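What follows is a single structure, written as structure tokens, with notes after it.
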Amino acid sequence: MEMKRINAGKLRAIGYDARERMLRVEFDDGSAIDYSNVGAEVWRKLSTSGAAWSYYRDNIEEEFTGRRSTVRKESGRKALDDLFGG
């Protein structure tokens, strides 16, 4: 799933898998929540909102069932290898 980096309230990244209808929200504390059965319209509104944190709190957090996880951090070595072809 491709993640869109944002800086809105506690949100740091959001991503959407249209085939699976899954929304992933990553937070500033390193936690993440995966929401199932999220429609494309909700994703469009969240990803284009000028107030993504407010939209998330008002329209997603309490409306959808989420599964908590953690953000996978890439190792510094892997990031350098990806950048320089190592």
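Filter region 30-59 for residues that are among the hydroxyl-bearing types (S, T, Y) and surrounded by 13 or more Cβ atoms within 10 Å (Cβ to Cβ); which is farthest from G9 (Cα to Cα)?
Looking at the filtered set, the residue picked out is Y35.
Scanning region 2-20 for residues that are under 15 Å from G66 (Cβ atoms) and either outside any strand (DSSP E or B) or in contact with a His (Cβ under 9 Å, 6 or more places away or on another chain) (or both) turns up K10, E20.
Scanning region 59-81 finds one or more residues that are in a helix (DSSP H, G or I) and modelled with pLDDT of 95 or more.
Beta carbons closer than 7 Å, at least 6 apart along the sequence or on distinct chains, pair a first residue in region 37-49 that is without any contact (Cβ under 8 Å) to a residue 40 or more places away in the chain with a second that is of a type in the set (S, T, N, Q) and part of a helix (DSSP H, G or I) for V42/N59.
The values are calculated or read from the model by the stated rules, or taken from the named source; none is laboratory data. Model, not experiment: these values are computed from the prediction. Because the Cβ atoms are built from the backbone with ideal geometry, glycine has one as well, and the counts that use them run over all protein chains shown.
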